[in-house]
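J.: The structure's right below; bear with me while I get my questions together.
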């Protein structure tokens, strides 16, 4: 997740890797850490998964991952836009 405040300062938050869907019990050491994200009106939050960032594309000769840097550059370029503008740009 990316958080951008109204001064265009960006923070990337990474989630803990913990499978939650099929386990009956999760050891305390394996539980995700809860993070508090302070935000104000006008801030932007962009949430994505590795399913997006790990997509491979490009020319046949040069395959590249979509990557977090590309998402961040799109987010910066569309800061004044709305959520639909960012989704369309991605």
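The values are calculated or read from the model by the stated rules, or taken from the named source; none is laboratory data. Quantities reported herein were computed from a predicted structural model and do not represent experimental measurements. Virtual Cβ from ideal backbone geometry, glycine too; neighbours counted across all protein chains shown.
J.: Residues in segment 65-79: is at least one loosely packed, with under 10 Cβ neighbours inside 10 Å and over 16 Å from residue 1 (Cβ atoms)?
T.: no
J.: Out of curiosity, is residue 52 surrounded by 10 or more Cβ atoms within 10 Å (Cβ to Cβ), at pLDDT below 80 and outside any loop (DSSP other than H, G, I, E, B)?
T.: yes
J.: Got at least one residue in segment 18-37 being in contact with a strand residue (DSSP E or B) (Cβ under 9 Å, 6 or more places away or on another chain), exposed (fewer than 10 other Cβ atoms within 10 Å of the Cβ) and at pLDDT below 80?
T.: No; the residues of segment 18-37 include none that is in contact with a strand residue (DSSP E or B) (Cβ under 9 Å, 6 or more places away or on another chain), exposed (fewer than 10 other Cβ atoms within 10 Å of the Cβ) and at pLDDT below 80.
J.: Would you mind telling me which numbered condition in (1) surrounded by 14 or more Cβ atoms within 10 Å (Cβ to Cβ); (2) at pLDDT below 75 residue 57 fails?
T.: Among (1) surrounded by 14 or more Cβ atoms within 10 Å (Cβ to Cβ); (2) at pLDDT below 75, residue 57 violates only (1).
J.: Return the pairs, sorted by first residue and then second, in which the second residue is part of a loop (DSSP other than H, G, I, E, B), the first residue lies in segment 77-90 and is in contact (Cβ under 8 Å) with a residue 40 or more places away in the chain, the beta carbons are less than 6 Å apart, and the residues are 6+ apart or on different chains.
T.: Pairs found: 86/78.
J.: Of the conditions (1) surrounded by 13 or more Cβ atoms within 10 Å (Cβ to Cβ); (2) touching a strand residue (DSSP E or B) at 6+ places or on another chain (Cβ under 9 Å); (3) at pLDDT 75 or above, residue 89 clears all except one; give me its number.
T.: (2)
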